[in-house]
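To keep things clear, I will list the structure first and then write my remarks on it.
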Amino acid sequence: MTTIKKILVVSVFVVGSILGPTKEAHATLQLKRVSLSSAGVGYFEFHGLVQPNAVIKLPVRYDQVDDVLKSLIIQDSSGQGANFSIASKPSEELVLKDLAISPSHLVRLSTLLEEFQGQPIRLRLSGRPALRGRLMFIEKAVSSNSTDRSQNSPEIDHLVLSTSQGIARIALNETTQIEFDDPELQRRLNQALEAIANASPRGKKDLLIRTHGNTQRMVRVGYVVQVPIWKTSYRLFVPESSAAQGQARLQGWAILENASGVDWSGVELTLTSGKPVTFTQRLYESYLAPRVEIPVDLPNRVVPAVDQGGFESRPQARSDQRPAAAPAPAPLAAPAAAPMAAPSAMRSPSSDFMTGQSEPRSPQFAQIEQDTQTELRLENKVHVAHGQTLVAPFVDVLLPLKRRSLLSSLQETQPWASANINNPTKASWPAGAVSVYGVGNDSTQYQGDAQMPIILSGQSRMLAFARDQKLQATNQRSSETAMSKVSLKGRVLEIDQISAEKNQVTVRNFDSAVRELMVQVFQNPANDWDSRGLTPTETTFVNGRAVGRFLILATPGQTSHLIAQSITRTSRIDLTNADDAALRGYLRVSGDPKTSQILSQWLGFIGQENALRSQESGINRRVTESAGNQIRLRENLKAVDRSSALHASYMEQLQKAESDMVRFMQQKEAIRTELDELEQKKKAILESLEKG
């Protein structure tokens with residue numbers, strides 16, 4: 001059965017040590033394991049065999065005490081737990097509170113002595129006998145530039161003492177030493193100054209750990225502190241010819257600094273790449289919780305009440321009740337440390353490791369993929385002195401190579417020479433800088449630098465490292481909007497309109513061989529790639545925006561390629577609200593036979609209705625003209641002799657006008673009847689559409 005180790009963390013803040021006087025020698029632990037995170041923190045683990053009930057002394061850098069108090073774990077194989085202590089870091093206010101002084105009093109001797117007014121002191125004077133007395137007050141010097149300075153103002157500070165022989169006034173600059181007669185006061189002052197010196201942010205603090213066990217055993221102590229982040233850099237070796245495909249070689253290197261303050265000797269090193277939550281907390285500070293001041297409940301003067309014929313006394317709620325203190329939170333159990341991998345034999349890379357000519361070697365790191373981070377565990381123990389930098393390879397693989405040029409946006413005209421690489425390993429590759437080298441038969445040439453993002457297992461990425469001088473691209477952008485489909489949903493017409501953005505990309509290849517060009521186009525929100533243009537080879541995201549990448553095989557000379565994206569928007573209109581011009585446009589794009597039939601019928605009805613309305617309008621003009629003609633004829637009849645030929649002519653014209661009026665009204669009635677019949681036919685179609 002596996003023994004479960006108990007991990008007990010107890011923080012005790014005392015001045016000095018909670019252990020008290022002890023004759024036991026302090027045990028020491030050796031740094032055995034270091035794990036550095038890309039988040040800028042490191043886990044340091046110390047091991048050592050200790051005797052029964054040993055006290056372990058672990059020096060800690062002053063600036064790391066907060067992190068140690070927050071994260072320290074103690075693993076004792078005996079399972080009996082442990083506690084630890086460290087000298088507190090009280091504030092100067094707390095240190096000096098016992099002396100009734102503050103840090104502001106420690107800037108000038110006369111200011112400090114004012115706080116000891118009335119104390120018996122002894123002054124040693126230059127060239128004079130010592131003087132003993134009680135300090136009455138300080139006569140402070142007034143600056144020569146002060147407006148309060150008078151003719152009798154002292155130029156230096158003076159001590160005024162009450163002595164056995166009277167009052168003495170001594171210039172402060174004449175004193176060589178001031179002693180307090182009260183030894184307890186002198187001791188407290190020395191103690192406070194010593195505590196302030198110990199609280200200075202310099203050097204190291206000793207962490208004292210008392211273990212509890214009756215046998216010799218292994219104890220492990222670990223903590224997490226801030227460290228410089230570790231970096232990565234890569235070397236990518238590709239064929240020297242830009243047109244050559246085949247294989248590439250990728251080498252990855254980890255770069256880290258030992259800024260821990262101690263040398264790493266025979267240390268097991270692990271590097272992790274992830275995004276853990278990490279923060280700091282000032283646990284080494286002393287804090288005082290603010291408290292509410294409650295006034296003292298003084299007894300009031302009792303005065304007999306004047307009898308007003310009866311009164312009512314009501315008890316008042318007291319305001320000096322304090323709320324009960326909240327219970328302290330339960331301590332949290334510290335997590336157990338992960339088991340360590342057994343070290344393997346040291347591998348020594350050959351001298352031609354960096355040239356790209358040798359066969360790939362197994363990396364010195366074991367790569368372990370976890371849910372939240374990638375762990376690179378160095379299989380060999382390392383020796384890195386404090387202040388030194390270690391550079392160690394963690395990947396060396398042969399990769400299938402795709403040489404492609406990348407046009408990262410349509411605003412560019414010069415593509416990037418790029419290498420498309422795939423991560424065939426089972427672990428992620430951290431982000432880092434890549435130096436690209438072209439490897440020929442007998443030479444290696446630097447070709448440029450690239451930035452490599454994090455590449456997960458199985459992912460591919462394009463690494464752009466230089467401008468491609470053999471390719472040039474231009475783009476001509478246009479847009480159009482057209483109806484694509486019309487359908488009837490009940491009596492409502494649904495009209496689909498396609499708004500397209502077209503990019504006509506012209507590629508000039510100045511090489512004699514076919515070149516692969518990947519064109520990257522940002523996709524507008526809600527747009528789809530239009531089938532009239534190229535189909536994207538892959539889609540991805542750049543700076544949070546969706547992009548499509550289109551592979552173009554650029555033959556020598558000039559070629560043109562269409563890349564289009566479009567969005568379909570649907571509008572709706574009631575069939576009765578569409579005019580004949582719009583209906584004719586809808587009919588042209590309607591692919592549904594039923595919709596086309598109804599649109600044709602409706603257009604016929606509208607045509608007939610328009611014709612009848614036109615006829616009715618003409619008849620109305622004639623009715624108006626005939627009515628006006630009749631009025632004119634009746635006026636003329638009144639003006640001529642009834643027996644004259646002219647009167648007879650007017651009467652004949654009037655009778656004809658009245659006959660025309662009757663005929664016009666009959667025609668209008670016929671037109672109205674036809675319009676009503678058309679309206680009934682339209683109503684019948686609408687009812688059939690609503691019924692489905």
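The values are calculated or read from the model by the stated rules, or taken from the named source; none is laboratory data. Just so it is clear, the model here is predicted, and its values are computed rather than measured. No Cβ is skipped: glycine too gets one built from the backbone with ideal geometry, and neighbour counts run over all protein chains shown. Accessible surface areas use protein heavy atoms only, side chains included; no ligands, DNA or RNA. Shrake-Rupley method; radii C 1.70, N 1.55, O 1.52, S 1.80 Å.
Miscellaneous remarks
- Estimated translational D of region 457-525 in µm²/s (Stokes, Kirkwood radius over Cα pairs; 20 °C; 1.002 mPa s): 128
- Candidate aspartates and glutamates - alpha carbon under 14 Å from residue 656, same-chain residues fewer than 8 apart omitted: 625
- Charged-residue dipole, Cβ positions (Lys, Arg, Asp, Glu), region 591-692 about Cα centre, Debye nearest 20: 200
- Summarising the label geometry, the points placed 7 Å from Cα in the beta-carbon direction at residue 577 and residue 643 lie 7.3 nm from one another.
- Convex hull of alpha carbon positions in region 368-501: directionally averaged projected area 16.9 nm².
- For region 422-580, the alpha-carbon radius of gyration amounts to 1.48 times the rule-of-thumb value 2.2 N^0.38 Å expected for a compact globular protein.
- Solvent-free Debye scattering, log10 I(q)/I(0), computed from the Cα coordinates of region 630-692 at q = 0.13, 0.22, 0.25, 0.29 Å⁻¹: -0.56, -0.86, -0.95, -1.07
- Other residues whose C-beta falls under 10 angstrom from the C-beta of residue 159 contribute a net charge of -2, scoring Lys and Arg +1 and Asp and Glu -1.
- The Cβ shell under 12 Å around residue 374 holds other residues with a net charge of 0, Lys and Arg each +1, Asp and Glu each -1.
- Taken about its Cα centre, region 443-592 carries a charge dipole of roughly 120 debye when the Cβ of each Lys and Arg holds +1 and the Cβ of each Asp and Glu holds -1.
- Inter-probe distance in nm under a simple model that places probes 7 Å from Cα toward Cβ, at residue 62 and residue 229: 2.9
- On the beta carbon distance between residue 369 and residue 543, with R0 = 25 Å, the FRET formula returns roughly 0.40.
- For the pair residue 173 and residue 681, the difference between a 0.36 nm per residue extended length and the Cα-Cα distance amounts to 170.7 nm.
- The stretch between residue 206 and residue 49, if pulled fully straight at 0.36 nm per residue, gains 54.6 nm over its current Cα-Cα span.
- Förster radius 30 Å - calculated FRET efficiency between residue 600 and residue 526 (Cβ-Cβ, nearest 0.05): 0.30
- Label point 7 Å beyond Cα of residue 431 along Cβ direction - residues of region 379-408 with amide nitrogen under 15 Å: none
- Sparsely packed trypsin sites (Lys or Arg not before Pro) within region 590-692, loop by DSSP, other Cβ within 10 Å at most 13: 642
- Proportion of all alpha-carbon pairs of region 579-692 beyond 16 Å (%): 70
- Region 419-516 - percent of accessible surface contributed by carbon and sulfur, probe 1.4 Å: 43
- Modelled this way, with points 7 Å down the Cα-to-C-beta line, the labels at residue 279 and residue 162 are 5.7 nm from one another.
- Hydrodynamic radius (Kirkwood) for region 596-650, which is based on Cα pairs only, to one decimal in Å: 14.6
- FRET efficiency, residue 412 to residue 608 (Cβ-Cβ, R0 45 Å, nearest 0.05): 0.15
- Cross-link reach is defined here as a Cα-Cα straight distance under 22 Å, omitting same-chain residues fewer than 8 places apart; for residue 470 the lysines meeting it are 402.
- Heavy-atom accessible surface of region 580-638: percent carbon and sulfur, 1.4 Å: 50
- When the P(r) is computed for region 407-483, the part past 18 Å accounts for 58% of the Cα-Cα pairs.
- If the segment from residue 617 to residue 456 were pulled out straight at 0.36 nm per residue, it would be longer than the present Cα-Cα gap by 50.1 nm.
- Rounded if a/c under 1.5, otherwise prolate or oblate - region 494-646, Cα gyration tensor axes: prolate
- Dipole of region 385-475, positive end: most advanced residue of 432, 401, 391 [Cβ charges, Cα centre]: 401
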